[in-house]
Amino acid sequence: MGFLPEDVFDLCLARAKDLMGSEKYNSWLSTASFRSFSDGVFTIGLDSEIRANFVTHNYKNNLEELLREVTGDPDVSVVFTHVPETLSLGVVNSSRNEFFSNFLKPGYVFDRFVQGPNNRIAFATAFSVAYQMGHSSSNPLFIYGGVGLGKTHLIQAIAHHVKHHRRDKTFLYISTEQFVTNYIAAMDPNKNKFKAVENFKNQFRNSHYLILDDIQFFSKKEGSQDIFFQIFNDLYLRGRQIVITSDRPPHEIKEVEERLISRFQSGMIVKIDPPLLETRVAILNQKLKDENLQLDEKVLFYLAETVTSNVRQLEGAVNLIAANIRIQNLVPDIDNVRGIITEYLGASSRRLNASSITSAVAESFSVNPGALKGKKRKRDILVPRQVSMLLIRELTDLSLEEIGDFFERDHSTVLNAIKRIKLMMEDSGSFKRNILDIKNSLLG
């Protein structure tokens, strides 16, 4: 193979997203990462056993076809592995660094976190917690924000700091999904249930830092919520630091016990917003430096102005450009990069039109899409109709007049609808979150 296998895999992932669609891709392959290539076999890591098994049974053949197409080698194959996300220090010893090398991402440290107005408070709070655990004003530390904005980077940076600079402390880092999976395993009827559950709880009791990612996955899982409540109280009363991430603020997490929500609200709650243009440029410059790439300033700003959803999407765009340069000797001028990014944004960019946006809004509000173009002015129809107008205006190039034509209304009605929805978003955090969720789903 005359090119880097990790570049091949990045290219295949981009094509897989286009073929599968964003929803399926985000559910099963968005966490996939290259591990190794040896004797014609790509080893790919996924963040949970559930995903590894599902992808093996449902997408292995498709990915192998893509890999063979890109490499030109008909014999390459792929295997999927699950690397546990649980980190537990135990006794400090000489092999400590080796123990951790397989879990934490080396780049997820404080020095490599690009700060901007969107994340500065979250960074400062995480940095403070890393140096001083269990302070009442920031325990627990609850960080929330959309997908790919840097929450995992910050909490892994805390773990890196403990690893390198607080050698007398221990931590445990785990995704909520893995927490639930491990707890279910402990409840296996074929085991001594009391002993297994106690062993499960003891994994957490010895930690100075408990770092839990994506707490929203506790929704509807009453048993897991109950055991976590016990663990939380035990650690909190002993002055141990608890760090939690979520895609939304505590009060908007559905079907989680009120006593847990109250615990989450008792410490420091900080939000990470999408990066502004200047921050996106800084992120791109850092990633280009990592890839040893240089792009014309016009191309750089095109990327920063086009790829706006999150940091992960920005980094993915650079990975894809780098792969095309190395594999296909592509010249990274504005026309070629524009073509790559159009394909990268792929299904999402092609489906963003008035009809598709209206359908997505109707589905979210559980109404008939056809009703949004009708004459009814009941609130259950009026609000999603106005939301559709706002999102069409933001996500397409249609003018107010063109949007009005789509809904058989004049442009002044569209303008007033957009203003009204913006006011409603300012007045209600949960309403704003619902609109952003729809928008993010459309952007993929």
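The table that follows gives values for the structure above.
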item	result
Residues of the range 392-444 satisfying the condition of being in a loop (DSSP other than H, G, I, E, B) and closer than 23 Å to GLY145 by Cα	SER428, GLY444
Filter pass, LEU442 being of a type outside the set (Asp, Glu) and touching a Leu at 6+ places or on another chain (Cβ under 9 Å)	yes
Search result, residues across the range 131-154 that are more than 27 Å from GLN313 (Cα to Cα) and touching a strand residue (DSSP E or B) at 6+ places or on another chain (Cβ under 9 Å)	GLN132, MET133, GLY134, HIS135, SER137, SER138, ASN139, PRO140
Whichever residue in the range 378-391 is in a helix (DSSP H, G or I) and modelled with pLDDT under 90 and, among such residues, is nearest to SER356 (Cα to Cα)	ILE381
Looking only at the range 218-261, and only at residues there that are under 20 Å from the mean Cα position of the chain (by Cα) and small (Gly, Ala, Ser), the one that is surrounded by the most Cβ atoms within 10 Å (Cβ to Cβ)	SER246
Matching option when the condition is out of contact with any Gly (no Cβ under 8 Å at 6 or more places or on another chain), on the phi < 0 side of the Ramachandran plot and touching a residue at least 24 places away in the same chain (Cβ under 8 Å), among LEU443, LEU382	LEU443
Filter pass, GLY148 being assigned to a loop (DSSP other than H, G, I, E, B), of a type in the set (Gly, Ala, Ser) and either under 17 Å from THR245 (Cα atoms) or free of Cβ contacts under 8 Å to residues at least 40 places away in the same chain (or both)	yes
All positions within the range 31-60 that are at pLDDT below 85, assigned to a loop (DSSP other than H, G, I, E, B) and surrounded by 19 or more Cβ atoms within 10 Å (Cβ to Cβ)	ALA32, ASP47
Strands (runs of 3 or more DSSP E) completely within the range 199-294 that count 1 or more residues being in contact (Cβ under 8 Å) with a residue 60 or more places away in the chain and closer than 20 Å to GLU177 by Cα	209-213, 241-246
Filter pass, GLY134 being in the same structural domain as HIS161 (by TED's automatic domain parsing), crowded, with 16+ Cβ neighbours inside 10 Å and within 21 Å of HIS251 (Cα to Cα)	no
Residue within the range 153-169 that is part of a loop (DSSP other than H, G, I, E, B), assigned by TED's automatic domain parsing to the domain that holds ILE121 and under 20 Å from the mean Cα position of the chain (by Cα) present	no
Leading residue by the ranking (nearest to GLU49 (Cα to Cα)) among those in the range 15-30 that are within 15 Å of the chain's Cα centre (by Cα), free of Cβ contacts under 8 Å to residues at least 60 places away in the same chain and surrounded by fewer than 16 Cβ atoms within 10 Å (Cβ to Cβ)	SER27
Flag for SER399 being modelled with pLDDT of 85 or more and not assigned by TED's automatic domain parsing to the domain that holds GLU23	no
Only one of GLU257, GLU291, GLU252, GLU278 that is of a type in the set (D, E, K, R), closer than 28 Å to THR306 by Cβ and touching a helix residue (DSSP H, G or I) at 6+ places or on another chain (Cβ under 6 Å)	GLU291
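The values are calculated or read from the model by the stated rules, or taken from the named source; none is laboratory data. In this text, all values refer to a predicted model and were calculated from it rather than measured experimentally. FYI the Cβ positions are ideal-geometry reconstructions off the backbone, even for glycines, and counts take in every protein chain you see.
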